[in-house]
1. Go through the range 199-208 and give me each residue that's part of a strand (DSSP E or B) and open to solvent by 50 Å² or more (accessible area, probe 1.4 Å).
2. Please go through the range 21-61 and give me each residue that is under 18 Å from Glu93 (Cα atoms), hydrophobic (A, V, I, L, M, F, W, C) and at pLDDT 50 or above, ordered by number.
3. Of all residues being touching a Phe, Trp or Tyr at 6+ places or on another chain (Cβ under 7 Å) and of a type outside the set (A, V, I, L, M, F, W, C) in the range 14-28, which is nearest to His86 (Cα to Cα)? Just the residue, please.
4. Answer yes or no: is there a residue in the range 215-223 that is out of contact with any Phe, Trp or Tyr (no Cβ under 8 Å at 6 or more places or on another chain), at pLDDT 80 or above and open to solvent by 80 Å² or more (accessible area, probe 1.4 Å).
Amino acid sequence: MLQAFTRNYHDNSTDAGFQFTLYCDSCNDGYKTSFIESETYKKGKGSRLLGQGASIVGGLLGGKLHDVGYAAERGSSVLSERFDGHSPEWQKEHEQVFSRAQNEASQHFHRCPSCTSYVCDQCFNEDEGMCVQCAPRQEIYVAQARADAMRRNIEEAGQNATVWQGNIESKTTICNTCGKPAGTGKFCNNCGASMELKECPKCGAKNAQTVRFCNNCGDNLQQVAVPTGVCQGCGTQNPPGTRFCGQCGVAIGVA
């Protein structure tokens, strides 16, 4: 059983030669070793194995192709039994090349003394002599911390921000003269009629200009209001709140 120095590797070898991919224990990026042609294959001893490999592929692509579960199961079986039946010379050569491949790949990996993982150049902190999981690069860690803080600040500012200050409730004012939306001004946008409200002299409620009776107390809005404090006997203007005329003594409001 071959054992790579990294935790994961893939054997790309065929009858014609040998090649391996070893993966970084941290980021899982792989390094593929150089292809080494098989001496056994060149001597013609692999012809029988080529026929066997062709029959396996044919079995996978034949009548069972429609059965996905069968194909997946058979595919994993082929991988596990990939080198069964090879000659002892081929298997010995395979082990020797695997050792050479590891020596080649080891130039592209670093062993972390803290966690004992083998990592690629990108995952190794040269300044600290450890992998970036155990000793993150300062500039990257600072940049990441600043980015995290910025996101938190933006989220907090967004939660506290007032993005709209309008009124929740609104209604459209219809002009009593032309019957169309009048807008928000003092005069109708369509016909120019005054949109000022008429105040009821009795209760002070606001009413439209065309309303004849107060919509709050029912008082006639068309009658002429008598000025407050005017004596109906002699016409003298008295101060507000006066009950009797100071000129003629008549009770205010009594003819």
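The values are calculated or read from the model by the stated rules, or taken from the named source; none is laboratory data. Just so you know, these numbers come straight off a predicted model, no measurement behind them. In this analysis, Cβ positions are derived from the backbone assuming ideal geometry, glycine residues included, and neighbour counts consider all displayed protein chains. In case anyone asks, the SASA skips ligands and DNA or RNA and just uses the protein heavy atoms, side chains included. Shrake-Rupley method; radii C 1.70, N 1.55, O 1.52, S 1.80 Å.
1. So the first thing to find is which residues in the range 199-208 are part of a strand (DSSP E or B), and the list is 199, 206-207.
Those that are part of a strand (DSSP E or B) and open to solvent by 50 Å² or more (accessible area, probe 1.4 Å): Glu199, Lys206.
2. Quick first cut of the range 21-61, residues under 18 Å from Glu93 (Cα atoms) only: 21, 33-50.
Imposing the further condition that a residue be hydrophobic (A, V, I, L, M, F, W, C) reduces the set to 35-36, 49-50.
Across the range 21-61, the qualifying residues are Phe35, Ile36.
3. Restricting to residues being touching a Phe, Trp or Tyr at 6+ places or on another chain (Cβ under 7 Å) and of a type outside the set (A, V, I, L, M, F, W, C), the top hit is Asp15.
4. In the first step, residues of the range 215-223 are kept if they are out of contact with any Phe, Trp or Tyr (no Cβ under 8 Å at 6 or more places or on another chain); the result is 215-218, 222-223.
Narrowing further to those that are at pLDDT 80 or above: 215-218.
Adding the requirement that they be open to solvent by 80 Å² or more (accessible area, probe 1.4 Å) leaves 215-216.
Yes, the range 215-223 contains at least one residue that is out of contact with any Phe, Trp or Tyr (no Cβ under 8 Å at 6 or more places or on another chain), at pLDDT 80 or above and open to solvent by 80 Å² or more (accessible area, probe 1.4 Å).
Rundown of residues vs (1) crowded, with 16+ Cβ neighbours inside 10 Å; (2) without any contact (Cβ under 8 Å) to a residue 12 or more places away in the chain, yes/no style:
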| site | (1), (2) |
| --- | --- |
| His86 | yes, no |
| Gln91 | no, yes |
| Phe98 | yes, no |
| Phe109 | yes, no |
| Pro113 | no, no |
| Cys123 | yes, no |
| Asp127 | no, yes |
| Cys131 | yes, no |
| Ile140 | no, yes |
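Yes/no per residue for (1) outside any helix (DSSP H, G or I); (2) within 23 Å of Asn28 (Cα to Cα); (3) open to solvent by 60 Å² or more (accessible area, probe 1.4 Å):
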residue: Glu95; (1), (2), (3): no, no, yes
residue: Ala147; (1), (2), (3): no, no, no
residue: Arg152; (1), (2), (3): no, no, yes
residue: Glu156; (1), (2), (3): no, no, yes
residue: Asn176; (1), (2), (3): yes, no, yes
residue: Gly179; (1), (2), (3): yes, no, no
